[in-house]
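The next block holds one structure in the form of structure tokens; read it before the comments.
Each reported figure results from applying straightforward, stated rules to the coordinates on display, with no laboratory input. Keep in mind that what you see is a predicted model, and the values were worked out from it rather than measured.
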Amino acid sequence: LFRSGRIAVMRKGVLEQLDTPSAIYAQPRSLFVADFIGTMNLMDGRYSLADRTIRVADARLPVGGVGWKDGEELRLAIRPEDLQPAASMGGPVFHGTVEVVMDLGHFRQVELVLNDESRLKVFVPKDRHVSIGERLRVAPTRCLAYAGEAEPVEVLITASLALAR
């Protein structure tokens, strides 16, 4: 029996990433790989040097010091499991209306339409009741920010700050 510990992701005959399955899932080096493996929310954002945030939809994600220029356009990749229903007002949040609820066994996949008409897929615990038409606030805990073809910057978000690595 042959087992491989590595996966090659190719696009149009060109190697995009060769890595372990967990690394490809958690640290995709390109937007193509991020969108190819698993469920991913892709959103447009813009970096603001004045307040050191990424402005995306109706949220501002603090990122601290990074090498981006003021106004630089970014593409954010956020996994559904990296969005949590937000109970408190602290930290960045997205506001949306529940449009779809799918029971997927151990969790539910909820699709939100945000105030700016963009969409997010969120995984919520099975014991969390969610109804179509309900207004829901979700807080990102982690995302990857892509500036052009550069490797992504990982942004880890807490209620009060974010760390970019």
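Please quote Rg/Rh for segment 69-163 to two decimal places, taking the Kirkwood radius as Rh and restricting both calculations to Cα atoms. Numbers along the way, then the final one.
Details: Rg = 14.2 Å, Rh = 14.2 Å.
Radius of gyration relative to Kirkwood radius: 1.00.
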- Task: Over the residues of segment 1-73, compute the C-alpha Rg and express it relative to 2.2 N^0.38 Å.
- Result: 1.44
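Given only helices, namely DSSP H runs of n ≥ 4 each adding -39500 (n - 2.57), what is the per-residue ellipticity at 222 nm of the chain, to the nearest 500 deg cm²/dmol?
Numbers: 2 runs with 12 residues, N = 165.
Roughly -1500 deg cm²/dmol at 222 nm, from the helical runs in the chain.
What translational D, rounded to a whole number of µm²/s, comes out for the chain from Stokes-Einstein when the hydrodynamic radius is the Kirkwood one over Cα pairs, at 10 °C and 1.306 mPa s? Provide the component values of the computation, followed by the final result.
Details: Rh = 16.8 Å.
Using the Kirkwood radius from Cα pairs, D works out to 95 µm²/s.
Starting from 0.36 nm per residue, how many nanometres of slack lie between Ser48 and Gln84 once their C-alpha separation is accounted for? Walk me through the intermediate numbers first.
On the way: separation 36, 0.36 × 36 = 12.96 nm, distance 2.44 nm.
Residue separation times 0.36 nm, minus the Cα-Cα distance, leaves 10.5 nm.
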- Item | Amide hydrogen neighbours beyond the local backbone of Ala86, cut-off 5 Å, H modeled | Arg137, Val138, Ala139
- Surface/4 estimate of mean projected area, convex hull on alpha-carbon atoms of segment 62-125, nm²: 5.7 nm²
